[in-house]
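Remarks on the structure that follows.
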Amino acid sequence: AKAASAPAEPKPKHGAFMWNELMTRDDERALTFFEKLLGWTHQDWPMGPGQTPYRIAKAGEKSVAGILKMTEPQFPPQVPTHWCGYIAVRSVDDAWQRIVELGGEHVHPPSDIPEVGRFCIIKDPTGAVVALMTPSCGVD
């Protein structure tokens, strides 16, 4: 007998928030807090040999957020713990090209996350940081 597979997630809409990620130096403490507060469970996603797993928080069966343990040198001590939202876009690369002309700033260039999609991190003209993502499944 074949195992039942999870239903496919719908494609996110262009311009809609599609993911939230907590970046913290104490992923265990944060995870315990939200599991007790919200009833979340989690699934660990291996990041590679010697790396802390990416924690996928779940509400029931639905994946609702990621929790990433910030480590140096990628995250210097002056980077505070923070939540980062991801907005779905049809093309991260096209959006990246328009950021500066629209008054924003580049923070992290377009990069691929295998089996997830392509993302970049920007600042809007007011200084707020947000990530843009073109998921592997595409965008409506």
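The values are calculated or read from the model by the stated rules, or taken from the named source; none is laboratory data. Only a predicted model underlies this, so the values are computations on that prediction, with no experimental measurement involved. Glycine gets a Cβ as well: all are built from the backbone with ideal geometry, and neighbour counts include every protein chain shown. Accessible surface is based on the protein model in full, side chains and every heavy atom, while ligands, DNA and RNA are left aside. Shrake-Rupley method; radii C 1.70, N 1.55, O 1.52, S 1.80 Å.
Taken over the stretch 118-129, the criterion of being in contact (Cβ under 8 Å) with a residue 24 or more places away in the chain and either more than 17 Å from Asn20 (Cα to Cα) or touching a Ser or Thr at 6+ places or on another chain (Cβ under 8 Å) (or both) is satisfied by Arg118, Phe119, Cys120. Applying the criterion of being part of a strand (DSSP E or B) and among the hydroxyl-bearing types (Ser, Thr, Tyr) to the residues of the stretch 108-140, the residue that is surrounded by the most Cβ atoms within 10 Å (Cβ to Cβ) is Thr134. Could you grab me the full set of residues in the stretch 84-120 that are more than 20 Å from Val64 (Cα to Cα) and among the aliphatic types (A, V, I, L, M)? Answer for the stretch 84-120, where residues must be more than 20 Å from Val64 (Cα to Cα) and among the aliphatic types (A, V, I, L, M): Val92, Ala95, Ile99, Val100, Leu102, Val107. Of all the criteria given as (1) touching a residue at least 40 places away in the same chain (Cβ under 8 Å); (2) in a strand (DSSP E or B); (3) surrounded by 14 or more Cβ atoms within 10 Å (Cβ to Cβ), the one not satisfied by Lys58 is (1). Against the numbered list (1) among the hydrophobic types (A, V, I, L, M, F, W, C); (2) free of Cβ contacts under 8 Å to residues at least 24 places away in the same chain; (3) open to solvent by 30 Å² or more (accessible area, probe 1.4 Å), Ile99 comes up short only at (3). Annotation note: of Trp40, Trp19, the sole residue that is in contact with a helix residue (DSSP H, G or I) (Cβ under 9 Å, 6 or more places away or on another chain) and open to solvent by less than 70 Å² (accessible area, probe 1.4 Å) is Trp40.
Contact map, the stretch 14-31: first residue closer than 12 Å to Ile56 by Cα, second residue among the small types (Gly, Ala, Ser), Cβ cut-off under 6 Å, separation 6 or more or different chains; pairs are Asn20/Ala65; Asn20/Gly85; Glu21/Gly66; Leu22/Ala30.
A Cβ distance below 7 Å, combined with a sequence gap of six or more or placement on separate chains, defines the contacts here; from the stretch 69-91, residues that are of a type in the set (Lys, Arg) reach residues that are surrounded by 12 or more Cβ atoms within 10 Å (Cβ to Cβ) in the pairs Lys69/Thr24; Lys69/Arg25; Lys69/Asp27; Lys69/Thr52; Arg90/His14; Arg90/Thr134; Arg90/Val139. On inspection, Pro49 does not qualify as open to solvent by less than 60 Å² (accessible area, probe 1.4 Å) and outside any strand (DSSP E or B).
The requirement of being under 14 Å from the mean Cα position of the chain (by Cα) and assigned to a strand (DSSP E or B) is fulfilled nowhere in the stretch 91-107; no residue meets it.
Here's a check for you: in the stretch 61-85, which residue that is part of a loop (DSSP other than H, G, I, E, B) and of a type in the set (Ser, Thr, Tyr) is farthest from the chain's Cα centre (by Cα)? The selected residue is Thr71.
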